[in-house]
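In what follows, a structure is listed as structure tokens, so that the remarks can point back to it.
The values are calculated or read from the model by the stated rules, or taken from the named source; none is laboratory data. As the structure is a prediction and not an experimental result, all values here were calculated from the model. Every residue, glycine as well, gets a Cβ built from its backbone with ideal geometry; the counts of neighbours run over all protein chains shown. What goes into the accessible areas is simple: the full protein's heavy atoms, side chains included, and nothing from ligands, DNA or RNA. Shrake-Rupley method; radii C 1.70, N 1.55, O 1.52, S 1.80 Å.
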Amino acid sequence: MSDTINTIKPKKAALGYLRISDKKQIKGESKKNQREVIQKYADANGINVVKWFFDEAKSGKNTDREELQNLLKLALKMKGTIDYVIVYKMNRASRDIDSYIMGMRSILASKGIQIRSATEQFDDSPMGKFMESLYVMVGQLDNENKRETVIDNMTRLAKQGYWQHKPIRGYKSQKIKNSEGHERPTMAKGAEADKVAKILMRFNKGDKIIAEMCRYATCIDFFGLNGKPINQEVMTKMLKRPEYAGFVCDSFTGKEIVQGKHPALIDEATFWQNQELLKQKNKVYLIGLKHHKINNMAPLSRFINCTNCHKHMTRSNPGGEYRYYCARKSCRGTGSVLVEDAHLGFEDLLTKIAPKPKTIKLMKEVLVRTSVKELGSLNEDLAQLRDKLDGIAKTRANTIKKYVNGGLTDEEKAMVVDDLDIEKIDVSREINELEQQQTVSESNIEYALNFMGNVAKQWSDASLERKQKFQALIFPSGFEYDTKKQNFIINEISPLYRCITSEMEADSVANSAMVIPRRIELLLPG
């Protein structure tokens, strides 16, 4: 009898772990089912489950779960008495390989505790450890695929105008049926709808700043969620929300404004007027707008240089007239020039600047290559259409010939010829449209080259940013302006451009709009 007792292997001990991520997603993996399968596995392998742990409605994305952490703490305390942690499937342990290895497997392995799955086979061999990790990674892949699917579905719904978040102030949650009869989330007017509409419409009058609107909200008993008066930040956010005009605009629409399914509290025109009012009451915006306006009026600022100190001149508006002048102490008394006069002189100077012939040639080559590339498929289409037109003409001639030889009746001939004539008209129209595209492309090249040659017009028509880039391109080191003689003094001109003049001596340009140092190839006359 004693010999028999000695041959019986002692049972190993284990902790059982159960997890359900969402009651809606049980699908055969209920708490009861998981426990029964784990117990059956333990019985079959001579393992005694000494304690059970259960995490309900917990994600498997990481190991930061209350009951799992309790399991790990107990396992560490029971070192030497616990052999296994058994799960129903490895994705119940984790759906993220990094957190599984660092937050569970390595901790248990340090105490000699192994993880086992009741439904998946693996052991402690190298291949077994690979399979163990693979099961977790399969769960991770499934999670990520589901996440992408969920995001795609939410994006699709958002772009259809459905609201998938908590309702905003003035609304309550509602579900409506789509064209297929499925319920989808949106919003309906709530108890605070009238108060929110009053606030938005009151701001639209344009006579109140944000702080005054906060006080107005208090007067109509509209408070923050904490019961305190609305602050300016919350008020501004309310005024900016396109949802109040019946739109949806969130991360799922890519911040694009789309027409929503919920009722609007204000009309679209009122919303956009409010946005303009917000800009007008925004000090930072107004300062930026003012600076941009001034910069547009004086594009040569910090580009035109002083002849005395050779540094940037600045702008000012004494008496309401903007002028370029040098503000440095050493240059006091050197004078200034009206912005309008400087610009007229600069445009006159630019009429004497033109791209070099090799620049025009290079530009034309670039434009032609680009055009050929873009029109490559167009030319192929034209060739095919012309072949088709030739084919129609041949078929029509053969039809007439066959009719003359008695092979077709009058009715048959008329039917075939009419169809061919209609097809010819369609093909001819397509050819004409493509040929017009060719002509437009060729005209565009000529226009671009002619425009490039008109340097003054390029600068005059450009935006502020392009003006500054353009003038820096032609005059890389800027230019000086002599306020006494009212001359532009150019030290360097781009190798892409040249001065169009026949004069070679600076002495002949004493009263000119531009003076060129002798190291420059050509000189400009007045």
**Cα-only radius of gyration and Dmax that characterise the range 191-249, units Å** = 11.0, 30
**Prompt:** What is the spin-label model distance, in nm, from Met154 to Leu225 if the labels are put 7 Å beyond Cα along the C-beta direction?
**Reply:** 1.7
**Item:** FRET efficiency estimate (nearest 0.05) - Cβ-Cβ, Phe470 to Gln273, R0 35 angstrom
**Value:** 0.40
**Prompt:** When Rg is the radius of gyration of the Cα atoms in the range 43-189 and Rh is its Kirkwood radius, what does Rg/Rh come to?
**Reply:** 1.16
**Request:** Report P(r) for the range 297-351: all Cα-Cα distances, bin width 5 Å, range 0 to the bin holding the largest distance, values in whole percent.
**Result:** 5, 21, 29, 25, 14, 4, 1
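How long are the semi-axes of the equivalent ellipsoid of the range 105-252, defined as square roots of 5 times the Cα gyration tensor eigenvalues? Whole Å, largest first.
Three semi-axes, in Å: 52, 21, 13.
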**Message:** What percentages make up the Cα-Cα pair-distance distribution of the range 195-354 when the bins are 5 Å wide from 0?
**Reply:** 1, 8, 12, 12, 11, 9, 6, 6, 7, 10, 8, 5, 3, 1, 0
**Request:** Diagonalise the Cα gyration tensor of the range 104-190 and give the resulting equivalent ellipsoid semi-axes, square root of 5 times each eigenvalue, largest first, whole Å.
**Result:** 46, 16, 10
**Request:** Could you work out how far the C-alpha centroid of the range 173-199 sits from that of the range 212-250, in angstrom?
**Result:** 18
**Asked** For the range 136-210, which whole percent of the accessible surface, found with a 1.4 angstrom probe, sits on carbon and sulfur atoms?
**Response** 49
